[in-house]
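**Q** Here it is: the structure, laid out below.
The values are calculated or read from the model by the stated rules, or taken from the named source; none is laboratory data. Quantities reported herein were computed from a predicted structural model and do not represent experimental measurements. Don't worry about glycine lacking a Cβ; one is built from the backbone with ideal geometry, like all the others, and counts go over all protein chains shown. These area figures cover heavy atoms from the full protein model, side chains too; ligands, DNA and RNA do not enter into them. Shrake-Rupley method; radii C 1.70, N 1.55, O 1.52, S 1.80 Å.
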Amino acid sequence: MPPSPPSPFIITDGPIPRFSHSPENKWIFTEKQTLYETPTVLRGDAKWDIEAEVWSRHQSCIFIEKICRSGHIVINPDLTISGLAMPSEVVNTAKVLFHRMLMKVAIQSVYRWELCATIVFLCGKLGDSKWFRRLEAVAYTCAAVMKKSAPSEIDCKLWKQRIQRLESFVLKETHTDLVMPLPHPVAEEIISSFKGSDTLHASARKCCDEA
């Protein structure tokens, strides 16, 4: 019998393929790549050393765990909020996707807290429906943890906008083929066709934001 063709997911001997230019190696990286050839370390204009990147990743994972925990989060002596209460499999998936993102983009080019929030929101949407958390809840929790006080309406609005802005970017960079057309234009067209009220338009946009 002829030998079986080699698996495309096995990195063979020879020069290590550059992850950013190797379509055959989208998910598997060598130890050398994960430690010494990340975009953060290789970035020419403002590159970090390895220790700084590792510490930054560690802090980000702590942030993910904090906002996702069950029970209460003590923001300050006068404010305690509820965590998002997401299970360990969702939290661990969020961490994997976060590390995956940093094999595609330099940490200096993104605001990592926004990136963590976006990934947590996505993991809730892509998993079991009972672990879905509304955008408002994720935005409020992140805003409170980062501000260390009760967030204002403007704070929550900014976090919502940041998460929405990064959502398709995260899906694209992690090679998740789930980037679909947004429902907003369709909803607006339908409502406008029968001259719906401004209140209905606002409600529809809010529902579409969660899609």
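**Q** How large is the charge dipole for the range 58-211, taken about the Cα centre, if only the Cβ atoms of Lys, Arg (+1) and Asp, Glu (-1) carry charge, to the nearest 20 debye?
**A** Here the size comes out at about 320 debye.
**Q** Just how large is the dipole of the range 94-162 about the Cα centre, in debye to the nearest 20, putting +1 at every Lys and Arg Cβ and -1 at every Asp and Glu Cβ?
**A** Dipole size: approximately 160 debye.
**Q** For the range 44-118, what is the charge dipole size about the Cα centre, in debye to the nearest 20, if Lys and Arg each add +1 at the Cβ and Asp and Glu each add -1 at the Cβ?
**A** 200
**Q** Count neighbours as other Cβ atoms within 10 Å of each site's Cβ, and list the chymotrypsin sites (Phe, Trp or Tyr not before Pro) in the range 33-120 that are DSSP loop with at most 13 such neighbours.
**A** Filter output for the range 33-120: Y111.
**Q** Order W131, W159 by their accessible area, 1.4 angstrom probe, all chains in place, largest first.
**A** W131, W159
**Q** Which residues' amide hydrogens lie under 5 Å from the amide hydrogen of S82, considering only partners 5 or more residues apart or on another chain, with H built in the peptide plane?
**A** I73
**Q** Something else now. Along the Cα-to-C-beta direction of A52, a point sits 7 Å from the Cα; which residues of the range 105-138 have their amide N less than 18 Å from that point?
**A** From the range 105-138, the list is 105-113.
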